[in-house]
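Only the coordinates and a few stated rules stand behind these numbers; no lab work does. None of the values given here were measured: they were computed from a predicted structure. Positions of Cβ are backbone-derived with ideal geometry, glycine not excepted, and every protein chain shown enters the neighbour counts.
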Amino acid sequence: MRNVTRIPLGVAGVVGVVVAAAPLGSNRRYEVPEPALRASTDSAVIARGRYLAYGPAHCASCHVTAEQARTLDAGARPPLSGGYAFHLPVGTIWSPNLTPDRETGIGRYSDGQLARMLRHNVRPDGRVAAPFMNFQGLSDADIVALISFLRSQPAVRNAVPDRKLNYLGKLIVAYLVRPRGPSGPTRATAPGEAPTIERGEYLANYVAECVVCHTKRSLVDGSERGSRFAGGMEMRDEAYPALRFTTPNLTPDPKTGHITGWTEDRFVARFQAGKLVPGTHMPWAGFAQMSEADLRAIYRYLRSLPPVENATGPTVRRVAE
Ligand code: HEC
Ligand code: HEC
């Protein structure tokens, strides 16, 4: 198991003790109550859900095939019928079909089950989801908007395989991955779409996941290892083995902040330009579809953060293969 070297000692120690129980534990069912939220057929609600799914919340960057994902960069909006295969050290995990098909998609699930997935990372069948999604802090209204939009899509029949975890993956899911919840009280509605710091704070922390990637974290359990928004996470894509991506420092530090010298208009233009470097994990396609008001809100929020000095080096570099 060559991947074991990437796992810190603390986890290796646990390995010996729990060997026998891990395969069972990774399929454990959790009893987490379903939020009392119901999908709506109101066209304005559905439109907001569509905006979130293809824009700031970038559900589309994962819940389509790799081939469809490339069309997102050109502005296409394929149905969210899943099938993207993430090949990871812990196994292969596919993104599920989120169209309303009754056998292979979310037609099988209740509104409450879908809401619980977004707020607690517990899948409709009660298993904890591999930690790809960080939407626990979405407002009730935005969860309703997303579910309403998902239900409004044309049903696409696409049977996606269930995740196949290797031994290490089963161990990690059994012992380190837990249902989550919002870090504070949940809000009924989010700050409205306008260029305010409050709206930017909501988007950057709870919708667009900027804080997830632009904060240095433990590779094992995702816990924070650096100042929030100060960057420094290294990422790579299996299709581009010679490239390393490092998230830049987004705080307004005069020396090391990546966007300290950017005007608001430059920030907006950079986002509207979309993906410039192939292989980056930043979901540029979704962010390019954000409204100008939302982009300005994020910029204003980032400028309001306390500056943190953290030199993260180049965002993209080439390494010897
Ligand atoms: C970074 C990739 C990624 C993003 C972004 C993402 N998802 Fe997921 N989602 C996944 C993966 C992978 C799984 C399956 C996890 C597993 O197998 O444990 C999943 C599971 C789900 C499930 C559970 C379905 C089932 O059949 O169990 C729902 C519902 C869901 N996602 C909805 C959404 C919505 C809505 C959004 C946007 C707000 C979103 N996802 C954004 C990758 C992603
Ligand atoms: C899934 C991880 C991920 C998420 C989510 C993410 N980023 Fe990034 N970001 C990256 C990576 C990796 C890079 C470096 C490679 C690149 O430029 O694409 C980057 C680069 C950037 C850059 C520098 C771009 C340039 O051309 O110099 C800015 C600015 C930025 N991110 C802001 C944001 C903001 C704001 C959000 C939320 C709206 C966000 N990021 C969400 C991973 C992420």
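Brief remarks follow.
- Between Ala66 and Leu276, the modelled labels are 2.6 nm apart [label points 7 Å from Cα along Cα→Cβ].
- Shown for Asp140, Asp265, Asp294: other C-beta atoms within 10 Å of each C-beta, ranked fewest to most, produce the order Asp265, Asp140, Asp294.
- Residue with peak Gaussian network fluctuation, the chain [Cα springs, cutoff 10 Å], from Phe229, Phe287, Phe132: Phe132
- Multiplying the residue separation of Arg157 and Ala44 by 0.36 nm and removing their Cα-Cα distance gives an extension gain of 38.0 nm.
- The range 200-319: mean projected area of Cα convex hull, nm²: 7.3 nm²
- In the chain, helical runs assigned H by DSSP with n ≥ 4 each contribute -39500 (n - 2.57); averaged across all residues and rounded to the nearest 500, the mean residue ellipticity at 222 nm is -9000 deg cm²/dmol.
- Over the range 19-175: Kirkwood hydrodynamic radius from C-alpha pairwise inverse distances, Å: 16.1 Å
- Estimated dipole of the range 19-175 in Debye, rounded to 20 [Cβ of Lys and Arg +1, of Asp and Glu -1, Cα centre]: 240 debye
- Pairwise Lys count, the chain - Cα closer than 26 Å, eight or more residues apart or different chains: 4
- Dipole moment magnitude, nearest 20 debye, the chain about Cα centre, only Lys, Arg, Asp, Glu C-beta charged: 620 debye
- Net charge over other residues, Cβ less than 15 angstrom from the Cβ of Ser223 (K, R count +1; D, E count -1): +4
- The local environment of Val268, defined by Cβ-Cβ distances under 13 Å, has a net charge of 0 under the rule Lys, Arg +1 and Asp, Glu -1.
- Inter-site label distance for Ala311 and Glu31 at 7 Å from Cα along Cβ, in nm: 5.5 nm
- Computed with the Debye formula from one identical point scatterer per Cα of the range 135-179, without solvent, the log10 of I(q)/I(0) at q = 0.17, 0.25 Å⁻¹ comes to -0.83, -0.86.
- For the chain, the Kirkwood estimate of hydrodynamic radius, built from reciprocal distances between every pair of different alpha carbons, is 20.6 Å.
- Computed label-point distance, nm, for sites Asp265 and Val220 using a 7 Å Cα→Cβ extension: 5.0 nm
- Peptides 216-225, 59-68 ordered by packing proxy, namely the average of other Cβ atoms within 10 Å per residue, highest first: 59-68, 216-225.
- Unit charges at the beta carbon, dipole of the chain: most positive-side option, Ala293, Cys210, Met117: Met117
- Neighbourhood net charge (9 Å Cβ-Cβ; Lys/Arg +1, Asp/Glu -1) for Ala115: 0
- Model label zone, Ala293; criterion: amide N under 17 Å from point 7 Å along Cα-to-beta-carbon; scope the range 41-67: 44-53, 55-57
- In the range 131-208, a dipole from Cβ-located charges (positive for Lys and Arg, negative for Asp and Glu) runs towards its positive end, and of Asn158, Val144, Leu168 it is Leu168 whose Cα lies farthest in that direction.
- In terms of the mean number of neighbouring beta-carbon atoms within 10 Å, the peptides 78-88, 231-241 order highest first as 78-88, 231-241.
- Size of charge dipole - the range 63-154 - debye, nearest 20, with Cβ of Lys, Arg +1 and Asp, Glu -1, no other charges: 140 debye
- Length-normalised contact order for the range 101-212 - Cα pairs under 8 Å, 6+ apart - percent: 33 percent
- Ranking Ala39, Val177, Gly107 by how far each Cα lies toward the positive end of the dipole of the chain (charges on Cβ) leaves Val177 at the top.
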